[in-house]
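The values are calculated or read from the model by the stated rules, or taken from the named source; none is laboratory data. All values derive from a computational prediction rather than experimental measurement. Because the Cβ atoms are built from the backbone with ideal geometry, glycine has one as well, and the counts that use them run over all protein chains shown. We work out accessible area using only protein heavy atoms, side chains counted, and drop any ligands, DNA or RNA first. Shrake-Rupley method; radii C 1.70, N 1.55, O 1.52, S 1.80 Å.
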Amino acid sequence: MNPTAAQTELPIPGTVYIETYGCQMNQVDSEIVLSLLEEYGYRRAEEPDRAEIVLVNTCAVREHAEVKAISNIGRFSKLKQPGRGMKIGVLGCLSQHAAGELKQQLPFLDWILGPDVYRTLPNLLAQEGECETRILTDAPNDELYDEVLPSRREGINAWITISRGCNNHCAYCVVPKARGRERHRPAESILHEAHEAVQQGFVQLTLLGQNVNSYRHDDIKFPELLAQVAEVPGLKRLRYMTSHPKDCSEELLRTMAEHKTICPELHLPFQAGSDSVLKKMGRRYTAKHYRHLVEMARDIVPNLLLSTDIIVGFPGETHADYLETERLVKDVQYDDAFVYRYSVRPGTRAALNFEDDVPIEVKTERLMRINEIVRESGKVNRLALLGQQAVVLVEGPSPKDPRESLGRTFPGHMVVVPGEFAPGTLVPVDLTEMRGYTLRSEVERSWARRQRA
Ligand code: SAH
Ligand code: SF4
């Protein structure tokens, strides 16, 4: 999707191209923005070249994400020839976090908008003429976009935001600054959206929040909300993320085990294995507590798929500290992990108080080593599934061979299924083989026979 030189053609009025970086919450925010604009008659453009409006929804969680977003926005400058009449706006965490720098580095921008001001967009778009970059980042910290039904693309999964912002103060993290205090949507509107999404044909829902465990609206807490959504008629699978270890409760794990639509999948970021690093990070749990949680989760929720986030090279992380992370990763035997090198985020507690003193080569070495260990445990865990039966929810054709389909087991392992199945089909399979990191399968014979009959 590279804007080509053919910008002699004028933009098509009323079209919006939106590009999204970062987490799933940004994905939903882009769908919310589209929904707000569609109400005013705008429609989605698949390519930027002839769109009247180009919007880029950015992420600021690590420096790398920021640099990438800025360079990608830079490539749209070609579209902004004088008199051509197209407009470009930057949305999301980077706008909120670094509006001044954005304006300086990308002077051709029309708007820089923080995550809580998207309702102003239709109004801004209606303003004629070319003017200086407008920065809108101040908003009362209460926006939930509660009644806006996101404009979703076809697919099997609908993401549903249950809370916005974050009340934790992890020393390294820019999210609380970029997205503000945590606020929760009323359960009724989450349930309404869940019903709507299932009626529209989404068979899987994923509830989203920076820390879903702290969800509370009136007297409803997260386990109860999850249980209510799990009962939406027609729903096949329900997932959620992210759980903070300090708040992940036995009640939540029991709720997962009790409902046949809730997938046995837990993303439980631990960040570091050393208690002194965890303390400096402000995570408010110890490695021992984390290990206990993992044990309890595996006891209560059968066939649990467990994943995590890890930061290596946090300021002051010694080799001995790092080895604690390595030990925890080896002991837990994760299915998957996202490992990051610590990245200084201006304005965060860590940036203000600690020197970024672990050399980049050491960070990289630690990252590679952890990735290697997780890859090994992920492989061992998957190999243990061979010979077992599973039900795969098909997501689409396999990119490698369109005669095969790609989908996920109930816990969430990616599986190749021979044959062309419509997205959303539940196919019972025997797990037969591992190629690289992907499981392969054979369709259960009696099911296949019944389908043909
Ligand atoms: N709310 C979620 C995570 C949001 S950010 C949670 O608490 O789990 C996603 C991940 O990015 C974090 O879990 C962390 O591992 C990583 N991350 C956040 N800030 C970072 C930074 N400054 N440097 C490196 N990784 C970071
Ligand atoms: Fe950031 Fe911590 Fe909040 Fe997650 S819980 S968004 S890491 S501050």
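Every residue, every condition in (1) more than 16 Å from ligand 2 (Cβ to nearest atom); (2) open to solvent by 40 Å² or more (accessible area, probe 1.4 Å); (3) not β-branched (Val, Ile, Thr), yes or no:
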site	(1), (2), (3)
Cys131	yes, yes, yes
Leu136	yes, yes, yes
Pro140	yes, yes, yes
Glu143	yes, no, yes
Glu147	yes, yes, yes
Pro150	yes, no, yes
Glu154	yes, yes, yes
Ser163	no, no, yes
Asn168	no, no, yes
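Given the residues Glu188, Glu147, Glu143, which is the only one that is assigned by TED's automatic domain parsing to the domain that holds Ala230 and within 30 Å of Leu238 (Cα to Cα)?
Within the list Glu188, Glu147, Glu143, the selection yields Glu188.
Kindly evaluate Gly347 against the criterion of being assigned to a loop (DSSP other than H, G, I, E, B), more than 13 Å from ligand 1 (Cβ to nearest atom) and open to solvent by 10 Å² or more (accessible area, probe 1.4 Å).
Values: assigned to a loop (DSSP other than H, G, I, E, B): yes; more than 13 Å from ligand 1 (Cβ to nearest atom): no; open to solvent by 10 Å² or more (accessible area, probe 1.4 Å): yes.
Considered against the rule, which asks whether it is assigned to a loop (DSSP other than H, G, I, E, B), more than 13 Å from ligand 1 (Cβ to nearest atom) and open to solvent by 10 Å² or more (accessible area, probe 1.4 Å), Gly347 comes out as no.
Look through the range 361-371, keep the residues that are touching a residue at least 24 places away in the same chain (Cβ under 8 Å) and away from ligand 1 (no atom under 11 Å from the Cβ), and return whichever of them is most open to solvent (accessible area, probe 1.4 Å). Write out each step before concluding.
Let us first name the residues in the range 361-371 that are touching a residue at least 24 places away in the same chain (Cβ under 8 Å), namely 362-363, 366-367, 369-371.
Still in the list and also away from ligand 1 (no atom under 11 Å from the Cβ): 362, 366, 369-371.
Values: Val362: 43, Arg366: 23, Arg369: 85, Ile370: 0, Asn371: 63 Å².
Result: Arg369.
More than 29 Å from Ser343 (Cα to Cα) and crowded, with 16+ Cβ neighbours inside 10 Å: does that describe Leu406?
yes
What is the one condition in (1) over 25 Å from the mean Cα position of the chain (by Cα); (2) within 16 Å of ligand 2 (Cβ to nearest atom) that Phe270 does not satisfy?
Going through the list (1) over 25 Å from the mean Cα position of the chain (by Cα); (2) within 16 Å of ligand 2 (Cβ to nearest atom), Phe270 breaks only (1).
Take Asn381 and tell me if it is open to solvent by 80 Å² or more (accessible area, probe 1.4 Å) and either at pLDDT 95 or above or part of a helix (DSSP H, G or I) (or both).
Taking the combined requirement at face value, the residue does not satisfy it.
Have a look at Val429, Val394 and point out the one that is assigned to a strand (DSSP E or B), more than 23 Å from Met241 (Cα to Cα) and open to solvent by less than 60 Å² (accessible area, probe 1.4 Å).
Just one listed residue meets the conditions, Val429.
Given the criterion modelled with pLDDT of 95 or more and hydroxyl-bearing (Ser, Thr, Tyr), identify the matching residue among Tyr21, Tyr17.
None of the others qualify; the one that does is Tyr17.
Among Leu79, Leu91, Leu36, Leu102, which is the only one that is open to solvent by less than 30 Å² (accessible area, probe 1.4 Å), at pLDDT below 95 and touching a Leu at 6+ places or on another chain (Cβ under 8 Å)? Don't jump to the end; show me each part of the working.
On the way: Leu79 fails: touching a Leu at 6+ places or on another chain (Cβ under 8 Å); Leu91 fails: at pLDDT below 95; Leu36 fails: at pLDDT below 95.
None of the others qualify; the one that does is Leu102.
With the condition kept exactly as written, say whether any residue in the range 344-360 is in the same structural domain as Asn167 (by TED's automatic domain parsing), at positive phi and touching a residue at least 60 places away in the same chain (Cβ under 8 Å).
Yes, the range 344-360 contains a residue that is in the same structural domain as Asn167 (by TED's automatic domain parsing), at positive phi and touching a residue at least 60 places away in the same chain (Cβ under 8 Å).
Got a number for residues in the range 43-73 being open to solvent by 10 Å² or more (accessible area, probe 1.4 Å) and closer than 20 Å to Asn26 by Cα?
17
In the range 170-209, how many are within 20 Å of Leu149 (Cα to Cα), within 16 Å of ligand 2 (Cβ to nearest atom) and touching a helix residue (DSSP H, G or I) at 6+ places or on another chain (Cβ under 6 Å)?
Of the residues in that region, 1 qualify.
What are the pairs with Cβ atoms under 8 angstrom where one residue, in the range 372-396, is closer than 10 Å to Gln333 by Cα and the other, located anywhere, is open to solvent by 70 Å² or more (accessible area, probe 1.4 Å) and assigned to a helix (DSSP H, G or I)? Sequence gap at least six, or different chains.
From residues that are closer than 10 Å to Gln333 by Cα, the pairs are Ile373/Lys330; Ser377/Lys330.
Filter the range 276-288 down to residues that are surrounded by 15 or more Cβ atoms within 10 Å (Cβ to Cβ) and in a helix (DSSP H, G or I), then give me how many there are.
Total meeting the criteria: 5.
Matching residues to (1) more than 15 Å from ligand 2 (Cβ to nearest atom); (2) hydrophobic (A, V, I, L, M, F, W, C); (3) over 23 Å from Val174 (Cα atoms):
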residue: Val329; (1), (2), (3): yes, yes, yes
residue: Val339; (1), (2), (3): no, yes, no
residue: Val344; (1), (2), (3): no, yes, no
residue: Thr348; (1), (2), (3): no, no, no
residue: Phe354; (1), (2), (3): yes, yes, no
residue: Val358; (1), (2), (3): yes, yes, no
residue: Glu361; (1), (2), (3): yes, no, yes
residue: Glu365; (1), (2), (3): yes, no, yes
residue: Ile370; (1), (2), (3): yes, yes, yes
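Taking the residues in the range 158-185 that are of a type in the set (Gly, Ala, Ser) and within 13 Å of ligand 1 (Cβ to nearest atom) as candidates, determine which candidate is nearest to Val61 (Cα to Cα).
So, considering only residues that are of a type in the set (Gly, Ala, Ser) and within 13 Å of ligand 1 (Cβ to nearest atom), the one nearest to Val61 (Cα to Cα) is Ala178.
Give the range 198-223 a look and list any residue that's over 18 Å from the mean Cα position of the chain (by Cα) and either closer than 25 Å to Phe354 by Cα or buried (at least 22 other Cβ atoms within 10 Å of the Cβ) (or both), or say none.
Matches in the range 198-223: Phe222 only.
Of the residues in the range 397-420, how many are of a type outside the set (D, E, K, R), over 16 Å from Glu265 (Cα atoms) and in a loop (DSSP other than H, G, I, E, B)?
Of the residues in the range 397-420, 4 are of a type outside the set (D, E, K, R), over 16 Å from Glu265 (Cα atoms) and in a loop (DSSP other than H, G, I, E, B).
Among the candidates Leu352, Leu305, Leu323, which residue alone is surrounded by 15 or more Cβ atoms within 10 Å (Cβ to Cβ), more than 10 Å from ligand 1 (Cβ to nearest atom) and modelled with pLDDT of 95 or more?
That would be Leu305, the only listed residue that is surrounded by 15 or more Cβ atoms within 10 Å (Cβ to Cβ), more than 10 Å from ligand 1 (Cβ to nearest atom) and modelled with pLDDT of 95 or more.
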